[in-house]
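**Student:** Structure provided below as structure tokens; questions to follow.
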């Protein structure tokens, strides 16, 4: 707890120093709160992600590859935003730029009002990869605990949070199991608990359920939605499944390859506590249709 | 209902050990044949020199009981080995246990030195980019030097600065055994997949945290594979170090004395002792490996 307040002080210091780039008071460092208090961060209008003119060119053996070309994107706090597009459209790259795992070759990006590097160093986001990437020599409990150890939480707080977030993802009772003793879906839930454990305001998810079968996937999508609704976090979600994107999102960002760019941003205003049944409604199909035509206009279906 | 023929159910112990026993028996049989063939001329010559008449049976029996045969029979080696191990108090210079311990202590010290040195080098190579390019060729070169040629120099140089006895042997042993550890641990430290490393980055972990919480645990299985190779090399290194230095004790000294006096059986008994030690050492490392793997949650 001491550590977190130190971080928030540092963040404020940086903000005030960074001047005109931050005309609006955007930055959000989560206020201290009791762990059992629901974490609703709803500050209408504040931007979790604000990207302008982002381009990223990779140097490869076959020459330059333009992974992202002039991408502008604002993501409001509390939104659930999906990036959808075919392979090679730069959706993962864009997510990695937000996470400061890649540096754009042009453009500016602010996360909660600070640069992406500051946001990473101050641990503003939790990142969930396509593979659970649990450390095989650690039990589930100690895997979830790992970021807390790294961030210097004391032992009592660590134990409390591990129990709390394993419960949230329905993994209570599996604390002492090793990753290989769990199914793929359970492992991915553990990795979500791990990303939540240090209570970041922003969740970055890179096709987290892509490797799972559809039944497990539907189930986890429902759980994820419930979690988002409960915690009020901002979620950025990469997928190549149209139904998944439409079901989960408040905003769908349609992307297209060569070069990676944004074609369309579609709002999707189903109630926050939606269930899988909405997938049969005409509204759902209409939005899915619009996503599909967006993908088509970006030549995503061309060979 | 068709009556099925009763299946023959072998006892599990039989199933487990039968193949090994069969192979060992076959090898022993081949060995005896080789004993007869190799010692035949020797024994025939002895009979003919004494002008004693002999039968084929006597000839064959003679090949298996010669005092200084070209190739001793297995039972002769076992006999001498047992005599040397159990026939003398362990502090006696005639006891193989005494010689074995001399070599073993140099092996242990050499192995500890070599493994530690190997791990430190590997950590440096992984973390300091310039070292990776500059150090690795030298490490590989170091293993091309014929140790038998270098060992006397090392002994003399170390002797000149007052180091005698166990330590020079341990250093030669360490020189031979650090190499597999370097290679294995470098491989292990670089084995975490990109996602695991990216995760550390998203948590903005310090390099020390990345090392202790990710790289080192990932390297442990690789480390043990290397250690198993390394500890036998370490034993060989200790024995080799005893050869050119005129050591008075140790398995190497025993081999050397045996070859001076044509005591082939003694040489073979010393070789058996070396293999017993090697098997024991690998066994110990394997046990520790299994224990550590269990602590680290490996599948049973």
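The values are calculated or read from the model by the stated rules, or taken from the named source; none is laboratory data. This one's a predicted model, so the numbers in the text were calculated from it and none came from an experiment. Glycine also receives a Cβ, built like all others from the backbone with ideal geometry; neighbour counts cover every protein chain displayed.
**Student:** Among the residues of segment B:241-275, which ones are surrounded by fewer than 21 Cβ atoms within 10 Å (Cβ to Cβ), in contact with a helix residue (DSSP H, G or I) (Cβ under 6 Å, 6 or more places away or on another chain) and closer than 22 Å to residue B:160 by Cα?
**Tutor:** Scanning segment B:241-275 gives B:243, B:244, B:249.
**Student:** Next question, about the same structure. Inside segment A:45-74, can you point out the residues that are farther than 22 Å from residue A:228 by Cβ and outside any strand (DSSP E or B)?
**Tutor:** If the condition is that a residue be farther than 22 Å from residue A:228 by Cβ and outside any strand (DSSP E or B), then A:61, A:62 are the ones that fit.
**Student:** Under the condition of being more than 10 Å from chain A (Cβ to nearest Cβ) and either under 28 Å from residue A:191 (Cβ atoms) or modelled with pLDDT under 90 (or both), which residue from segment B:186-211 is farthest from the chain's Cα centre (by Cα)?
**Tutor:** Among those residues, the one meeting the criterion is B:207.
**Student:** Is it the case, given these coordinates, that residue A:237 is part of a loop (DSSP other than H, G, I, E, B), at pLDDT 85 or above and closer than 22 Å to residue A:110 by Cα?
**Tutor:** On the way: part of a loop (DSSP other than H, G, I, E, B): no; at pLDDT 85 or above: yes; closer than 22 Å to residue A:110 by Cα: yes.
So residue A:237 does not fit the description; no.
Each row is one residue, and each column tells you yes or no for (1) closer than 17 Å to residue A:204 by Cα; (2) modelled with pLDDT under 85; (3) within 13 Å of chain B (Cβ to nearest Cβ).
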{"site": "A:62", "(1), (2), (3)": "no, yes, no"}
{"site": "A:70", "(1), (2), (3)": "no, yes, no"}
{"site": "A:82", "(1), (2), (3)": "yes, no, no"}
{"site": "A:104", "(1), (2), (3)": "no, no, no"}
{"site": "A:137", "(1), (2), (3)": "no, no, yes"}
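**Student:** Could you please let me know if residue B:48 is surrounded by fewer than 13 Cβ atoms within 10 Å (Cβ to Cβ) and either in contact (Cβ under 8 Å) with a residue 60 or more places away in the chain or part of a helix (DSSP H, G or I) (or both)?
**Tutor:** Yes: the conditions hold for residue B:48.
**Student:** Quick check on residue B:232: is it at pLDDT 90 or above, within 20 Å of the chain's Cα centre (by Cα) and closer than 18 Å to residue B:169 by Cα?
**Tutor:** yes
**Student:** A follow-up question, please. Scanning for something touching a strand residue (DSSP E or B) at 6+ places or on another chain (Cβ under 9 Å) and under 30 Å from residue A:130 (Cβ atoms), does segment B:188-200 turn up at least one residue?
**Tutor:** yes
**Student:** Within the group B:278, B:238, which residue is buried (at least 21 other Cβ atoms within 10 Å of the Cβ), within 11 Å of the chain's Cα centre (by Cα) and assigned by TED's automatic domain parsing to the domain that holds residue B:166? I'd like the intermediate steps shown before the answer.
**Tutor:** Numbers: B:278 fails: buried (at least 21 other Cβ atoms within 10 Å of the Cβ).
Going through B:278, B:238 in turn, just one is buried (at least 21 other Cβ atoms within 10 Å of the Cβ), within 11 Å of the chain's Cα centre (by Cα) and assigned by TED's automatic domain parsing to the domain that holds residue B:166: B:238.
**Student:** Still on this structure: Quick test for you: out of B:182, B:220, pick the one residue that is in a helix (DSSP H, G or I) and within 16 Å of residue A:135 (Cβ to Cβ).
**Tutor:** Testing whether each residue is in a helix (DSSP H, G or I) and within 16 Å of residue A:135 (Cβ to Cβ) leaves just B:220.
**Student:** Right, another one. Please work out if residue B:145 is within 20 Å of the chain's Cα centre (by Cα), modelled with pLDDT under 85 and surrounded by fewer than 17 Cβ atoms within 10 Å (Cβ to Cβ).
**Tutor:** Yes.
**Student:** Please indicate, with yes or no, whether at least one residue in segment A:173-184 is closer than 25 Å to residue B:208 by Cβ and more than 11 Å from chain B (Cβ to nearest Cβ).
**Tutor:** No, that holds for no residue.
**Student:** Let me ask another. Give just the number: which of (1) touching a helix residue (DSSP H, G or I) at 6+ places or on another chain (Cβ under 7 Å); (2) touching a residue at least 12 places away in the same chain (Cβ under 8 Å) does residue B:102 not satisfy?
**Tutor:** Failing condition for residue B:102: (1).
**Student:** Still on this model: Within segment B:88-101, can one find any residue that is under 30 Å from residue B:177 (Cβ atoms), at pLDDT 85 or above, surrounded by fewer than 11 Cβ atoms within 10 Å (Cβ to Cβ) and outside the structural domain of residue B:277 (by TED's automatic domain parsing)?
**Tutor:** No, the conditions are met nowhere in segment B:88-101.
**Student:** Are any of the residues in segment A:272-290 part of a helix (DSSP H, G or I), in contact with a helix residue (DSSP H, G or I) (Cβ under 6 Å, 6 or more places away or on another chain) and within 26 Å of residue A:69 (Cα to Cα)?
**Tutor:** yes
**Student:** Does segment B:281-289 include one or more residues that are within 14 Å of chain A (Cβ to nearest Cβ) and touching a helix residue (DSSP H, G or I) at 6+ places or on another chain (Cβ under 8 Å)?
**Tutor:** Yes, because at least one residue in segment B:281-289 is within 14 Å of chain A (Cβ to nearest Cβ) and touching a helix residue (DSSP H, G or I) at 6+ places or on another chain (Cβ under 8 Å).
**Student:** Sticking with this one: Does at least one position in segment B:123-133 carry a residue that is under 30 Å from residue B:208 (Cβ atoms), assigned to a loop (DSSP other than H, G, I, E, B) and assigned by TED's automatic domain parsing to the domain that holds residue B:183?
**Tutor:** Yes: one or more hits.
**Student:** Only one of these is part of a helix (DSSP H, G or I), surrounded by 14 or more Cβ atoms within 10 Å (Cβ to Cβ) and out of contact with any helix residue (DSSP H, G or I) (no Cβ under 9 Å at 6 or more places or on another chain): B:137, B:168, B:152. Name it.
**Tutor:** Details: B:137 fails: surrounded by 14 or more Cβ atoms within 10 Å (Cβ to Cβ); B:168 fails: out of contact with any helix residue (DSSP H, G or I) (no Cβ under 9 Å at 6 or more places or on another chain).
Going through B:137, B:168, B:152 in turn, the sole match is B:152.
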